[in-house]
Amino acid sequence: MKEYVFSILAVATVGALVLILSPEGEGGGIKKHISLAVGLAAILVIISPLTKAMESLANLNFEGITSNTGDADEYESIFYDALNKAEISNLKSGIKAALRDKFDIDESECSVEITLRDNKIRRVLIRLYGSAVWCDSGAIEKYLYELLGCEIVTAIN
């Protein structure tokens, strides 16, 4: 690290001395060109550690990381199972909210069961309780079928 800082200071010092000793001239003269060259030299010295970092990255060995994919598959499976459960829970809440808004059915007077096959909704079972049993089950089935496009079954308990 000391060598790196020393090289930056050396380039800056030499560049400053050359700029001080260069003649002015009309329109900045040769000083413009010298300051450009000094700036480029300073940039090259500053980014020189990047070449070493790139060489180190090129020589990395990823075999130990990629060869053990069994754990990754297990974690991926756990993640997608949890994601599906969360989606189903949100879908059930959404269906209850839709029934509340459209048919004035209290969420405590119905339950929703969802059947999945191949990660697709295949069937939705709506169980009605209390005063919700007097709602038009055919209208409920038609409404939810238009929303979800799957088999909808209503049951009165």
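A single member of ILE78, ILE47 is under 26 Å from GLU3 (Cβ atoms), within 33 Å of the chain's Cα centre (by Cα) and at pLDDT 80 or above, and it is ILE47. Taken over segment 90-143, the residue count meeting the criterion of being assigned to a loop (DSSP other than H, G, I, E, B) and either of a type in the set (D, E, K, R) or surrounded by 14 or more Cβ atoms within 10 Å (Cβ to Cβ) (or both) is 7. One residue stands out among those in segment 50-75 that are at pLDDT 80 or above and not assigned by TED's automatic domain parsing to the domain that holds VAL18: the one that is farthest from GLY15 (Cα to Cα), which is GLU74.
The values are calculated or read from the model by the stated rules, or taken from the named source; none is laboratory data. Values in this document were obtained by computation on a predicted structure and should not be read as measured data. Neighbour counts run over all protein chains shown; Cβ positions are idealised from the backbone, glycine included.
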